1. When you scan the range A:73-83, do you find a residue that is among the acidic types (Asp, Glu), at pLDDT 95 or above and under 25 Å from residue B:12 (Cβ atoms), even just one?
2. Go through the range B:177-190 and give me each residue that's out of contact with any Ser or Thr (no Cβ under 9 Å at 6 or more places or on another chain), at the interface with chain A (Cβ under 8 Å from one of its Cβ atoms) and without any contact (Cβ under 8 Å) to a residue 40 or more places away in the chain.
3. Spot the failing condition for residue A:53; the list is (1) more than 8 Å from DNA strand D (Cβ to nearest atom); (2) of a type in the set (Asp, Glu); (3) modelled with pLDDT of 95 or more, and only one is missed.
4. Could you run through the range B:63-113 and say how many residues are within 16 Å of DNA strand D (Cβ to nearest atom) and within 14 Å of another protein chain (Cβ to nearest Cβ)?
5. Could you check residue B:143 against (1) more than 9 Å from chain A (Cβ to nearest Cβ); (2) out of contact with any Leu (no Cβ under 8 Å at 6 or more places or on another chain) and say which number it fails?
6. Just to confirm my filter: which helices (runs of 4 or more DSSP H) fall fully inside the range A:36-138 and include at least 2 residues that are more than 13 Å from the chain's Cα centre (by Cα) and crowded, with 22+ Cβ neighbours inside 10 Å?
7. Working carefully through the options B:77, B:68, find the one that is in contact with a Lys or Arg (Cβ under 7 Å, 6 or more places away or on another chain) and either under 22 Å from residue B:218 (Cβ atoms) or within 16 Å of DNA strand C (Cβ to nearest atom) (or both).
8. Just wondering, is there one or more residues in the range B:25-32 that are within 16 Å of DNA strand C (Cβ to nearest atom) and of a type outside the set (Ser, Thr, Tyr)?
2 protein chains.
Amino acid sequence: MTSAALGGDGAVAVDETPDTGRRLSSDERRRQILQAALAVFGARGYEGATTDEVARAAGVSQPYVVRLFGSKENLFLAALDDALTRTLTAFRAALAAAAADPDPELSEAKAAGKRIGQAFVDLIEVRGLHQTLAHGYLLGSHPVIGPASRRGFARVWRFFRDEMGLDADGARMFMAEGMLISTMIGLRIVDDYGSDPQITELFRSCFPTELPHVLDVLPRGTDRW
Amino acid sequence: MTSAALGGDGAVAVDETPDTGRRLSSDERRRQILQAALAVFGARGYEGATTDEVARAAGVSQPYVVRLFGSKENLFLAALDDALTRTLTAFRAALAAAAADPDPELSEAKAAGKRIGQAFVDLIEVRGLHQTLAHGYLLGSHPVIGPASRRGFARVWRFFRDEMGLDADGARMFMAEGMLISTMIGLRIVDDYGSDPQITELFRSCFPTELPHVLDVLPRGTDRW
DNA sequence: GTCTATAACGCGATAGAC
DNA sequence: GTCTATCGCGTTATAGAC
């Protein structure tokens, strides 16, 4: 069964993966399931998500998801790590691109910052990535997820401090903008874009340069419960 | 049974309310339960929280919580509204205080901003307030909670724009700092404060002026699952 | 590598007494 | 205003076949 078979209401829609019917390697399946997990955890949160919905979105059976990852908790940890690694990889690529192709109009730091901000927004193409990260950050009280999320958050902080070379204040500002972007995506403010002038203004203020792209990629009114 | 009876591990600790044994007015009970709900929803999230734990934290029976609020969903909406109203009330008080008692060292806008930021941090005394708000903001896909959270977010935005008089860029920066503060509280970064120099630095950078107060109020290692 | 069947449990909500 | 008892469903995880 492909994920398209449940594209109707109530389900988190995930990019269709061609269902060739053939058995995949354990590794291919893991990637497929991780993608589905990001979408489902992102839309419903850790507790709200079910392994069954992840399984259906990935086109496998529920027990098989548990089998491959051991437990729902482990699946979330894997999804979190995946999201974080993708994010930092994108940041590093943006930083390298800024160094390789400097903008004569901007200072080095400004140019890198702009590219990194764009890279973060562009990650909306990975469905549920921002929201899963944000959900993890909110579970600091969880005995297993809490420490893992703190370590992940620290990885991002170190990127800004050590790799990008910002001071504490600059790094904090980047983190803050990132949290706001994640919040706006999780809130699905895009659903109200255009209907309320205040909200429209807020949205434009958050995504100044990438607005057309964001409006195009962020699906409105889907991912509903 | 007072909430102290379950102060042990696994439970969200809530300030003890004197258990006089007498029956309270429906209104008093509602307030008591709302306080418990903020703590539990904040620590566990909407789905992770149980009406039973809210009930135990408030010292009443589980069915009674459902009875008073109709449903868990309604309870969350009430808690969200309570959190938002408290927040905006605190912001308005801070703004008024800044106008009544101007700081000769700072511009009017700077002084008000500083006070409002402090007021937001000071709300950590209301256990779970920041986290419940943040959880609400992440549930944009929920058919009922999503729209309510968007309206709430817009209320805060309008405060900065209309009441405080900021431009879109300034308002966005305040919102961003607020999201970062909420995230740090939800992450319970305070748990690692002092153990990791990078984390300590990050934490100090977020709570520059109120650090002693924050460290004092934010309980470490409690609210565990 | 993947499924079906199912066990075991936790949760929200209702009924009804006091 | 508040409780106890309980129903019924949804969920994770396990067993075991193919």
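The values are calculated or read from the model by the stated rules, or taken from the named source; none is laboratory data. Fair warning: this is a prediction, and the values are worked out from it, not measured in the lab. As a convention, Cβ positions derive from the backbone with ideal geometry for all residues, glycine included, and neighbour counts pool all protein chains shown.
1. Kept after step one, since they are among the acidic types (Asp, Glu), are these residues of the range A:73-83: A:73, A:81-82.
Imposing the further condition that a residue be at pLDDT 95 or above reduces the set to A:73, A:81-82.
Still in the running and under 25 Å from residue B:12 (Cβ atoms): A:73.
Yes; the residues of the range A:73-83 include at least one that is among the acidic types (Asp, Glu), at pLDDT 95 or above and under 25 Å from residue B:12 (Cβ atoms).
2. Scanning the range B:177-190 gives a single hit, B:180.
3. Result: residue A:53 fails condition (1) only.
4. The total comes to 2.
5. (1) is the only condition that residue B:143 fails.
6. A:51-58, A:72-100, A:108-122
7. Details: B:77 fails: in contact with a Lys or Arg (Cβ under 7 Å, 6 or more places away or on another chain).
Unique residue meeting the criteria: B:68.
8. Of the range B:25-32, the ones within 16 Å of DNA strand C (Cβ to nearest atom) are B:26, B:29-30.
Right, trim to of a type outside the set (Ser, Thr, Tyr) and you get B:29-30.
Yes: the range B:25-32 contains one or more residues that are within 16 Å of DNA strand C (Cβ to nearest atom) and of a type outside the set (Ser, Thr, Tyr).
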